[in-house]
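Since the structure comes first, as structure tokens, the remarks are kept for the end.
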Amino acid sequence: MYAIRNALTVLLLSLPVTALADTPCEKGFFALQQALKRADIHDAQAQALPGYPHLGVNRWLAFLQQQAVSESQQQQWIRLATAEAWRDQTVLAQRLPANSNGVSPQAAQKLLATCLPVLAARTDFSTLPQAEIPDSYATWLRVIGMYPLTAWLATGSIDNYHQDMTARFTSPAPQPRRQYAPPTGAPAPVAPQTLASNPLQVPLPDAEQWQALLQHYGPVLAVADTQSWNTPGRVQLDDTHRPVINTQQPVSYSWPSWTHFRGQNLLQLNYQFWFSQRPKSGWLDSYAGTLDGLIWRVTLKVNGEVLFYDSIHPCGCYHKIYPVDPTLTAAEMDGDKPVFYPGNVADARDQRLALLLEPDTHYLVRVTAVDDSLPTTAYQLADADDLRALPAPDGSVDSLFNANGLVPISKRGERLFLWPMGVPSAGAMRQPGEHAIAFKGRRHFDDATLTDTLFE
């Protein structure tokens, strides 16, 4: 998927933005949107600029739109937003029935390849509204839950959580039994600064460069037992379209993201591992449930050194920061804060890192050097967009996520007492773009300026 998306990006970047009328493309694109609507195909990530369905937007692109001042920057923004629409529409089109009133998945792909560059070329930046991405909090829940009061009452529990997570970083760690390592063989990656020679100065790796980056900075996942629910695997659909984890095929699902920090646009590498469940520790365990996982993110400086790492679980919970650059200092911030790893972590540019997970909870408790003596299995790298279009045994294609960006079977008991904090179905697994990472205040894992918020 990334290779296809990148190919279109290259094409778009080579096109001039000029006025061009093409009514057939407009009609064809409208027909595709109607076909998706009739088939009840929705995706929380597939957000478009109002009135411009050929321009996909997210929090990063909404930020870049504000930075696009010159004509060349505005042209590049249009092309990036069109490439985002290509990504979203391609995923959605895969889920169309074989023949949806004449709009088949194959016909949709052809339409997108033909018409998206045309529609991009006739887009006038000056007429575009500012992209506004709805946050992942439900204000109405906070209203009826008397949020100011419940947030104050939750302060003690949040403080206890921080103390508990910090203690796990220093308490005796479980002994790793086996580990999963990224594939090797890619050429050495180039520094992000060589990928940012464009008007908006955004590092944009091509498909080959992206794979080289993923392999070079990819972590080793170390686990402390052999239980199936502590084994990472590939997400698949069973006969009822219910997601299951194939532990015979360990996979890391990846995607690029970007952050703005101290006046620079920095590239981020996201690695996501999935587990079949978080088992119950007791009958009152409200955090247990079907599916669990870990997201590990690497934020790169322009020279290829690591600035810092951070991690969450796919619920958006347990945001933790692992500084690398010794000049980083945690900033004061409103709401509940992420948990900071004690001391500085090694730079993955220079050495491979191992992430040691606590059994069952999948809490990340150590970031260490790799132990070459452990039994090692290679995991595969897959595009996270694969989770938005999973093949089912009956030949159809479905998404892991519902229209709200949640994995319905992963709901947790904690939602029953955390709902006043405004996070819908707190504890449930969710897709990128829907990770609210604070119960007090409002923060998202993909906020464009999150790094500026985290550090002084």
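Among Met333, Met429, Met421, Met165, what is the fewest-to-most ranking by other Cβ atoms within 10 Å? Could the numbers behind the result be given before it?
On the way: Met333 14, Met429 28, Met421 23, Met165 19.
Going from sparsest to densest Cβ surroundings: Met333, Met165, Met421, Met429.
For segment 220-306, the spherically averaged projection of the C-alpha convex hull amounts to 8.5 nm². With the helix formula -39500 (n - 2.57) applied to DSSP H stretches of n ≥ 4, the chain reaches a computed 222 nm mean residue ellipticity of -8500 deg cm²/dmol.
Think of the chain as having a plus end and a minus end, set by charges on the Cβ of Lys, Arg, Asp and Glu; of Ala369, Leu153, Ser104, Ser104 sits farthest toward the positive end of this dipole. The simple Förster model, with R0 at 22 Å and r as the Cβ-Cβ distance, assigns Ala331 and Glu305 a FRET efficiency of 0.60.
Dipole magnitude for segment 139-454: computed about the Cα centre from +1 point charges on Lys and Arg Cβ and -1 point charges on Asp and Glu Cβ, it is near 500 debye. Starting from a Cα-only point model with no solvent, please compute log10 I(q)/I(0) by Debye for the chain at q = 0.10 1/Å. After summing over all Cα pairs, the log10 values are -0.74.
Computed extension gain for Glu132 through Ser286, at 0.36 nm per residue and net of the alpha carbon distance, reaches 52.0 nm. Ordered from longest to shortest, the equivalent ellipsoid semi-axes for segment 247-361 are 28, 18, 13 Å, each the square root of 5 times a Cα gyration tensor eigenvalue. Convex hull volume per residue, computed on the Cα atoms of segment 77-125, equals 67 Å³.
Between Asp350 and Asp159, the modelled label-to-label distance comes to 3.9 nm, taking each label 7 Å out from Cα in the direction of the beta carbon. All C-alpha to C-alpha distances of segment 169-222, sorted into 10 Å bins beginning at zero, yield P(r) values of 21, 33, 22, 18, 5 percent in whole numbers. Hydrodynamic radius of segment 118-176 by the Kirkwood approach over all distinct alpha-carbon pairs: 16.8 Å. The alpha carbon centroids of segment 246-282 and segment 150-181 are separated by 19 Å.
Sorted from greatest to least, the principal axis extents spanned by the alpha carbons of segment 368-456 come out as 43, 41, 28 Å. Rounded to the nearest 10 degrees, the inclination of helix 2-13 to the longest alpha-carbon principal axis of the chain is 40 degrees.
Using only the Cα atoms, work out Rg/Rh for segment 93-228, with Rh taken as the Kirkwood radius, to two decimals. Write out the running numbers ahead of the final one.
Values: Rg = 24.7 Å, Rh = 22.4 Å.
Ratio of gyration radius to Kirkwood radius: 1.11.
Projected onto their three principal axes, the Cα atoms of segment 196-258 cover extents of 48, 32, 18 Å, largest first.
Values in this text are rule-based calculations from the coordinates and carry no lab data. All figures in this text were calculated on a predicted structure; none of them were measured in a lab. As a convention, Cβ positions derive from the backbone with ideal geometry for all residues, glycine included, and neighbour counts pool all protein chains shown.
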